[in-house]
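Chemist: Following this message is one structure expressed as structure tokens.
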Amino acid sequence: MSEIRGTLVEYIRLFPEPIAIVNSSGEILAINDGASLFWQQDAEALIGKSLAALLQQSPEQVEAWLKLCQSNAQMLAAHFPIPNPEADQWVIEGIGVNLDDEPAILTRIVPSFCHNQQLLAAQLQQLQAELAQQIVLVRELQQCQQALEQEKQHLQILAERDPLTGLGNRRFLDAALNRLWQEAQVQSHALTLALIDVDDFKAYNDRWGHLAGDRALQQVAQTLKAHLRSNDIIARYGGEEFALVLSHVSADTALHIVERVLHHVRELKIPQGERAHHPYITVSAGLCFVPAKASEGTLTEIFAIADAALYQAKQQGRDRCILLEWSQNVSSNSQCCDTGWRSPPPPLG
């Protein structure tokens with residue numbers, strides 16, 4: 001983590017003696033001002049250089065010593081004859097540390113008469129303890145950020161879900177339909193909007209009560225969702241009305257999909273009210289089919305056409321679907337699919 005690297009580099013700058021952090025191969029990763037003065041080279045010029053070259057030792061010897069330092073809990077000294085123009089009685093010490101979750105070695109050059117392993121170990125232990133606190137703090141901040149992101153996603157789901165049926169709500173439908181409409185215009189593919197309404201729902205509530213009405217809506221919603229394709233958009237449009245958006249299908253296929261939905265709702269065999277048109281709960285559907293490249297249409301017009309088709313389905317006896325194709329004249333091109341009480345349609349091929 002870059003925070004760990006930055007913190008460690010700041011700490012080593014506080015020490016006057018030459019300190020360098022190297023990797024297991026002896027490549028210098030960071031130094032302090034003391035090391036720059038000791039080697040009489042600019043700090044940036046030393047980054048990336050080989051510690052073995054600076055010590056004028058064989059890479060094999062230095063790497064073997066660094067390997068020992070990596071696994072040692074205390075500073076480990078190496079009595080290499082360290083070249084320096086001012087003095088020749090120096091000791092280099094090393095201890096393993098974690099840098100960005102990667103093993104590294106902190107090396108320190110001290111005069112031989114000042115060499116004290118216990119003092120250096122205590123200092124480094126304090127440094128590691130402070131670094132550990134920084135790591136814990138960073139991890140806590142990351143966990144808080146993840147928790148906030150999960151809460152944000154949860155609230156987003158709640159804002160776009162109907163609490164009764166678990167389907168998307170009007171907000172979800174508006175966003176999804178706008179996105180799919182833009183895609184249909186850009187990619188020039190067909191789009192179908194279907195409005196599905198539970199038939200004679202007032203009669204059902206009058207006979208069985210509103211709690212039973214809620215349970216019936218939940219059953220219908222689950223049936224709608226279970227018998228649609230995974231990429232179809234289904235939402236509760238309001239009250240006992242649902243909206244379905246189908247992409248990349250022909251008018252015949254759209255009718256076939258909705259026809260199957262009507263069949264499976266009928267097969268729930270939920271008893272209706274006495275004043276209903278059918279003994280069991282049924283639904284009617286109005287579809288607006290927008291062919292490819294029909295970019296002149298608007299979502300307002302599409303909803304109006306689907307609503308007109310739904311009205312026709314209600315007028316013609318309910319429990320059926322009517323499809324109207326989008327055009328400048330709503331009534332110029334319509335198809336009707338009568339799904340009233342017939343054998344189930346064949347599965348989608």
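Chemist: Provide the gained length on full extension for the span residue 225 to residue 143, in nm with one decimal, where the gain is 0.36 nm per separating residue minus the Cα-Cα distance.
Modeler: 26.0 nm
Chemist: Here is a follow-up. For residue 97, what residues show an amide H to amide H distance below 5 Å, using hydrogens built from the backbone and excluding near sequence neighbours?
Modeler: Under 5 Å from the amide H of residue 97 lie the amide H atoms of 104, 105, 106, each far enough along the sequence or on another chain.
Chemist: Now for a separate question. In nm, what is the difference between 0.36 nm times the number of residues separating residue 301 and residue 15 and their Cα-Cα distance?
Modeler: Here the segment from residue 301 to residue 15 would lengthen by 95.4 nm.
Chemist: Here's another thing I want to ask about it. Give, rounded to the nearest 20 debye, the magnitude of the charge dipole that the chain has about its Cα centre when Lys and Arg contribute +1 at Cβ and Asp and Glu contribute -1 at Cβ.
Modeler: In total the dipole reaches around 1640 debye.
Chemist: May I pose another question? Could you please report the charge total around residue 107, scoring K, R as +1 and D, E as -1 over all other residues with beta-carbon less than 11 angstrom from its beta-carbon?
Modeler: For residues surrounding residue 107, the net value is -1.
Chemist: Put 107, 300 in order of accessible area, largest first, 1.4 Å probe: what do you get?
Modeler: Listed by decreasing accessible area, they come as 300, 107.
Chemist: If 248, 256 are ordered by their accessible area, calculated over protein heavy atoms with a 1.4 Å probe, which sequence runs from highest to lowest?
Modeler: Largest accessible area first, the residues go 248, 256.
Chemist: Find how much the distance from residue 208 to residue 126 grows on full extension, using 0.36 nm per residue of separation minus their present alpha carbon separation; answer in nm with one decimal.
Modeler: Extending this stretch completely gives an extra 22.1 nm.
Chemist: Something else about it: From the residues 142, 270, 213, which one has its Cα farthest along the dipole of the stretch 140-285 in the positive direction, the dipole being from +1 and -1 charges on Cβ of Lys/Arg and Asp/Glu about the Cα centre?
Modeler: 270
Chemist: Quick query: amide H of residue 233 versus all other amide H atoms, modeled in the peptide plane; which residues come in under 5 Å with a sequence gap of 5 or more or a different chain?
Modeler: 245
Chemist: Around residue 241, with a cut-off of 12 angstrom between Cβ atoms, what is the net charge of the other residues, counting Lys and Arg +1 and Asp and Glu -1?
Modeler: Net charge around residue 241: -2.
Chemist: Just read off the accessible area of residue 311 with the full protein assembly in place, 1.4 Å probe, to the nearest 10 Å².
Modeler: Surface open to solvent at residue 311 totals about 140 Å².
Chemist: When averaged across all projection directions, what area in nm² does the alpha-carbon convex hull of the stretch 191-274 cover?
Modeler: Averaged projected hull area, Cα only: 5.3 nm².
Chemist: Taking all protein chains together and a probe of 1.4 Å, list 266, 139, 275 from the most accessible to the least accessible.
Modeler: The ranking, largest first, comes out as 275, 139, 266.
Chemist: Tell me the accessible surface of residue 202 in square angstrom (1.4 angstrom probe, heavy atoms of protein chains only), to the nearest ten.
Modeler: 140
Chemist: Can you list the residues, at least 5 places off or on another chain, whose amide H is less than 5 Å from the amide H of residue 280, using H built in the peptide plane?
Modeler: Answer set, sorted by chain and number: 272.
Chemist: Compute, for residue 31, the solvent-accessible surface of its heavy atoms (probe 1.4 Å) with the complete set of protein chains present, and express it in square angstrom to the nearest 10.
Modeler: Accessible area, nearest 10 Å²: 20 Å².
Chemist: Scattering from the C-alpha atoms of the chain alone, worked out with Debye: what is log10 I(q)/I(0) at q = 0.10 1/Å?
Modeler: -0.65
Chemist: Separate question: Considering Cα pairs under 8 angstrom that are at least six residues apart, work out the relative contact order of the chain and quote it in whole percent.
Modeler: Result for the chain is 12 percent.
The values are calculated or read from the model by the stated rules, or taken from the named source; none is laboratory data. Note that the coordinates shown come from a computational prediction; the quantities given were computed from them, not determined experimentally. Note: ideal-geometry Cβ built from the backbone for every residue, glycine included; neighbour counts use all protein chains shown. Heads up: the accessible areas ignore ligands, DNA and RNA and are worked out on the full protein's heavy atoms, side chains in. Shrake-Rupley method; radii C 1.70, N 1.55, O 1.52, S 1.80 Å.
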